[in-house]
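Read the structure below first, then the notes.
The values are calculated or read from the model by the stated rules, or taken from the named source; none is laboratory data. Values in this document were obtained by computation on a predicted structure and should not be read as measured data. As a convention, Cβ positions derive from the backbone with ideal geometry for all residues, glycine included, and neighbour counts pool all protein chains shown. Side chains are part of the model used for accessible areas, which takes the heavy atoms of the whole protein and leaves out ligands, DNA and RNA. Shrake-Rupley method; radii C 1.70, N 1.55, O 1.52, S 1.80 Å.
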Amino acid sequence: MYEPIRKLVSKENKMNCWEYLKTHSLANRGVYDGDKEKLTGLIAETETHKLLLDEYPNLNEKEDGFDGGVDINYLGYTIDVKSMGRNVYTKPEYVNNFPKLQSHYVCDMIIFTSLNKKTNIIEFCGWVWKNEIDDKADFFKKGEVRNRGLNDTMVTSTDNYEIKNSNLRDIREILVWNLQQQLKMVD
């Protein structure tokens, strides 16, 4: 059953992300590189960092430019955080995007998030091992017309994987790993 974790985005974090982006470039993909996408992505990355590690990353320590596809190091795993800006809360049948041009980047897992722009709530939708993308997602070639429902279509701007929320692993699984690590340290 799909049940995302929802969290109000910190106003301070949102402002820190916006200030950081005024003087730093993160996009190096060739698609989805606009200012709104970068802000949504950085908010998602920092809020995911807070969820997993219980603190926001120090953006002053973040290198300018491309990060090689690794947003977070967590318990020995490398994580790429993907985000979508929406005006609604997600449902199980909603999809998340993973551009094929990023499939060669080396990371262990992908966490998918959705930022509700109306409510300022981030949803941690779930995650997959990166090597599961081919099996769990649908692939669409650049130029294919995608039906988004309610008589709304879009043309894919790049080769793209779409993975439904219902095909993601529960985000709570990753949080349990951290708890297990902490309990091992106490023993």
Practice task
Can you give me the ranges of the strands (runs of 3 or more DSSP E) entirely in region 78-158 with at least 2 residues that are under 16 Å from the mean Cα position of the chain (by Cα) and either closer than 15 Å to THR40 by Cβ or modelled with pLDDT of 95 or more (or both)?
Solution key: 95-99, 109-116, 121-129
Practice task
Using the structure shown, decide if ILE72 is more than 22 Å from ASP138 (Cβ to Cβ), in contact (Cβ under 8 Å) with a residue 24 or more places away in the chain, buried (at least 16 other Cβ atoms within 10 Å of the Cβ) and touching a Phe, Trp or Tyr at 6+ places or on another chain (Cβ under 9 Å).
Solution key: no
Fill in the blank from the handout: Picked from region 85-115 (must be among the hydrophobic types (A, V, I, L, M, F, W, C) and closer than 19 Å to LEU150 by Cα), the residue surrounded by the most Cβ atoms within 10 Å (Cβ to Cβ) is VAL95
Handout entry: Hey, ILE122 in contact with an Asp or Glu (Cβ under 6 Å, 6 or more places away or on another chain), open to solvent by less than 80 Å² (accessible area, probe 1.4 Å) and in contact (Cβ under 8 Å) with a residue 24 or more places away in the chain or not
Key = yes
Practice task
Considering each of LEU26, LEU59, LEU42 in turn, give the residue that is open to solvent by less than 30 Å² (accessible area, probe 1.4 Å), more than 25 Å from MET1 (Cβ to Cβ), out of contact with any Pro (no Cβ under 7 Å at 6 or more places or on another chain) and modelled with pLDDT under 90.
Solution key: LEU59
